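The structure appears below as structure tokens.
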Amino acid sequence: MQPEANPEKHPDVTAFFDEATNTVSYIVRDPESVSCAVVDSVLDFDHASGRTATKSADAVIAHIRGNGLKLEWILETHVHADHLSAAPYIQQELGGRIGIGGEIVTVQDTFGKIFNEGTEFQRDGSQFDALFREQDRFHIGNLSGFALHTPGHTPACMTYVIGDAAFVGDTLFMPDFGTARCDFPGGSAHELYNSIQKILSLPDETRIFTCHDYKAPGRDRFAWESTVGEQKAKNVHIAGKSEDEFVEMRESRDATLGMPRLILPSLQVNMRAGHMPPADKDGRIFLKIPINGL
């Protein structure tokens with residue numbers, strides 16, 4: 001039996017929007033203590049020059065320090081294909097444990113082959129501090145959270161339910177924008193549909209926090225918070241749709257989409273928990289471009 005969201009526990013959620021990648025990172029705070037978690041952090045990356053920067057992560061760190069908070073968890077909803085994670089940098093500055101879904105091992109195996117990583121690349125998830133399985137529980141101060149395995153976009157996608165808030169990654173977008181693509185290796189529109197039903201079985205008042213927003217047509221502001229009830233009633237890909245109708249729509253739509261701009265650097269870094277590939281003997285770090293690999 002699936003654990004239930006706790007509407008009596010209302011974590012404080014502070015959002016940080018990175019317009020360069022349309023990514024939303026969150027600080028989730030226990031209102032009864034100074035404990036907090038970070039969900040889906042961003043490391044700035046300029047693709048043209050290959051340079052990284054920490055402006056986005058520094059804003060998160062400054063908020064935590066400025067409010068005297070203690071970081072306990074750095075959570076990844078999945079191996080992102082559109083931005084690099086700043087998890088190791090944040091951990092270096094503030095501590096905390098880095099967690100992701102246990103099926104990261106499947107993602108590592110798939111992309112370890114695509115990027116020809118060789119035997120030195122560990123495919124056991126050991127780069128992370130914690131691997132979550134379905135219904136695993138964790139705590140942020142006095143807040144109790146649990147993990148839901150919600151694959152479809154990727155095999156390792158997790159939703160973290162903390163009090164009355166659910167952090168769904170790329171599984172759901174705002175109701176006027178729909179749902180995530182399923183055409184990456186290991187993705188499945190059927191699995192995504194079933195994962196969404198699992199999220200929508202949470203109480204209607206549960207707050208839904210998405211990882212991205214792209215402004216749906218007719219909306220002039222970025223947005224990232226909705227509720228289970230709003231998603232049920234208004235999601236343009238889900239409301240009133242059968243599984244077969246959803247799968248047909250999702251697969252047809254995915255066939256028209258190009259690859260995300262940062263997918264090649266992002267996957268190589270994020271499957272390593274945000275760490276760069278090992279440096280060569282001269283201390284230089286390189287990322288690979290597999291030709292016709294995706």
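In what order do I61, I162 fall by count of nearby beta-carbon atoms within 10 Å, going from fewest to most?
Ranking I61, I162 by Cβ neighbours within 10 Å, fewest first, gives I61, I162.
Mind telling me which of A48, A216, A166 comes out most flexible in a GNM of the chain, alpha-carbon contacts under 10 Å?
A48
Highest GNM mean-square fluctuation, the chain, Cα pairs closer than 10 Å: which of T206, T106, T119?
Of T206, T106, T119, the most mobile in the Gaussian network model is T119.
Give me R250, R207, R137 sorted ascending by neighbouring Cβ count inside 10 Å, so fewest comes first.
So the residues, fewest neighbours to most, are R137, R207, R250.
How high is the relative contact order of region 12-270, given as a whole-number percent (alpha carbon pairs under 8 Å, six or more residues apart)?
Dividing the mean separation by the residue count of region 12-270 yields 17 percent.
Of the options V269, S33, G118, report the single residue whose Cα projects farthest towards the positive end of the charge dipole of region 12-270 (beta-carbon charges: Lys, Arg +1; Asp, Glu -1).
S33
Provide, for region 12-270, the number of lysine pairs with alpha carbons under 27 Å apart, each pair being eight or more places apart or on different chains.
10
Charges only on Cβ, +1 for Lys and Arg, -1 for Asp and Glu: so what's the dipole of the chain about the Cα centre, in debye to the nearest 20?
Computed charge dipole of the chain: roughly 500 debye.
With the chain treated as a Gaussian network of Cα nodes joined by springs under 10 Å, which of G169, G258, G186 yields the largest mean-square fluctuation?
G258
Consider all pairwise Cα distances in region 1-134 and report the whole-number % of them above 23 Å.
For region 1-134, the share of Cα pairs beyond 23 Å comes to 40 percent.
All of the numbers you see were taken from the coordinates with simple rules; none came from a lab. What you see is a predicted model; the values in this text were computed from it and never measured. In this analysis, Cβ positions are derived from the backbone assuming ideal geometry, glycine residues included, and neighbour counts consider all displayed protein chains.
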